[in-house]
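Asker: Have a look at this one.
The values are calculated or read from the model by the stated rules, or taken from the named source; none is laboratory data. Everything numeric here is computed off the predicted structure, so don't read it as measured data. Positions of Cβ are generated from backbone atoms using ideal geometry, with glycine treated the same way; all protein chains shown enter the neighbour counts. Areas reflect the complete protein model, heavy atoms only, side chains present, ligands, DNA and RNA absent. Shrake-Rupley method; radii C 1.70, N 1.55, O 1.52, S 1.80 Å.
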Amino acid sequence: KGNKLIALTSSIPKEGKSLISILISKTFAELDKKVLTIDCDLRRPQLHKRLNLDNISGLTNLLTQKDIDIENVLQKIDGIPNWEVLTTGPRPPDPTKLLSSQKFKEILQTLKNDYKYDYILIDTPPVLGLSDTIYVLNNVDTSLLISTIAFVERSLPVNSQKIIQEMDTSSKGLIINGKNQNLENKFQNYSYGYGGYSG
């Protein structure tokens, strides 16, 4: 199965991980690979906003409801038949509990083994300050840390890398993302933060 399950994360919010997840997914799909992109940021989901999808049902429904068909919550991207997206669905009261559950592990394994995806990209919350990401990284093949130069203190990606090194992911990588003001302005309506959350 190789490195099929790929998680993208960052040290803090606003480093561009959601946008990069979208760009990588689109690139793979246009290279004739079958791609699924999952939004595992249950606190501040972004993919449905940036891709103009509804978020009525998604991952949280799979995690909390019995006998729900995965096919019913997958959404296709217009004009790119090889690309599907699993949004978060309704915001849950306890994201950490859902992402640490056995059901979450089973869903990822089902998507990896029983569906004909070449790549499954997972947009996760930032590493620092939340335990949510830890549970995602423990269940993927590869993790990629997005680090935006001239935007974060140098110590932050170092600390994030130390946390990631402790995970079970078999492969780890770093993507350096240059601070692009044009992109920042384009997506400023979708900026988010994690103030007031713990987990």
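Asker: Residues to consider are ILE134, ILE146, ILE175, ILE107; find the one that is open to solvent by less than 50 Å² (accessible area, probe 1.4 Å) and at pLDDT 90 or above.
Answerer: ILE107
Asker: Given the conditions (1) at pLDDT 70 or above; (2) part of a loop (DSSP other than H, G, I, E, B); (3) crowded, with 20+ Cβ neighbours inside 10 Å, and given that LEU128 satisfies all but one, which numbered condition is not satisfied?
Answerer: Against the list (1) at pLDDT 70 or above; (2) part of a loop (DSSP other than H, G, I, E, B); (3) crowded, with 20+ Cβ neighbours inside 10 Å, LEU128 comes up short only on (3).
Asker: Additional query: Which is among the charged types (D, E, K, R), in contact (Cβ under 8 Å) with a residue 60 or more places away in the chain and at positive phi, of LYS33, LYS14?
Answerer: LYS14
Asker: Is there any pair linking a residue in the stretch 94-123 that is within 30 Å of ASP32 (Cβ to Cβ) to one that is among the acidic types (Asp, Glu) and assigned to a loop (DSSP other than H, G, I, E, B), with Cβ under 7 Å and at least six apart or on different chains, and which?
Answerer: ASP123/ASP41
Asker: Can you say whether ILE163 is part of a helix (DSSP H, G or I), surrounded by 12 or more Cβ atoms within 10 Å (Cβ to Cβ) and either more than 14 Å from the chain's Cα centre (by Cα) or modelled with pLDDT of 90 or more (or both), as far as the supplied structure shows?
Answerer: So ILE163 fits the description; yes.
Asker: Output the residues belonging to the stretch 36-82 that are under 20 Å from ILE22 (Cβ atoms) and in a helix (DSSP H, G or I).
Answerer: Across the stretch 36-82, the qualifying residues are LEU47, HIS48, LYS49, ARG50, LEU59.
Asker: I've got another one for you. Filter the stretch 61-93 for residues that are in contact (Cβ under 8 Å) with a residue 12 or more places away in the chain and aliphatic (A, V, I, L, M) and give the result.
Answerer: Within the stretch 61-93, LEU62, LEU63, ILE70, VAL73, LEU74, ILE77, ILE80, VAL85, LEU86 qualify.
Asker: Of all the residues that make up the stretch 10-54, how many are open to solvent by less than 60 Å² (accessible area, probe 1.4 Å) and modelled with pLDDT under 90?
Answerer: 7
Asker: Here's a follow-up. Given the structure, is GLY58 surrounded by 20 or more Cβ atoms within 10 Å (Cβ to Cβ), of a type in the set (Gly, Ala, Ser) and within 20 Å of PHE104 (Cα to Cα)?
Answerer: Considered against the rule, which asks whether it is surrounded by 20 or more Cβ atoms within 10 Å (Cβ to Cβ), of a type in the set (Gly, Ala, Ser) and within 20 Å of PHE104 (Cα to Cα), GLY58 comes out as yes.
Asker: Sticking with this one: Scan the stretch 27-61 residue by residue and report those that are of a type in the set (D, E, K, R) and out of contact with any Phe, Trp or Tyr (no Cβ under 7 Å at 6 or more places or on another chain).
Answerer: GLU30, ASP32, ASP39, ASP41, ASP54
Asker: Separate question: Condition first: in contact with a helix residue (DSSP H, G or I) (Cβ under 9 Å, 6 or more places away or on another chain), not basic (Lys, Arg) and not in a loop (DSSP other than H, G, I, E, B). Now tell me which residues in the stretch 98-113 satisfy that.
Answerer: Scanning the stretch 98-113 gives LEU98, LEU99, PHE104, ILE107, LEU108, THR110, LEU111.
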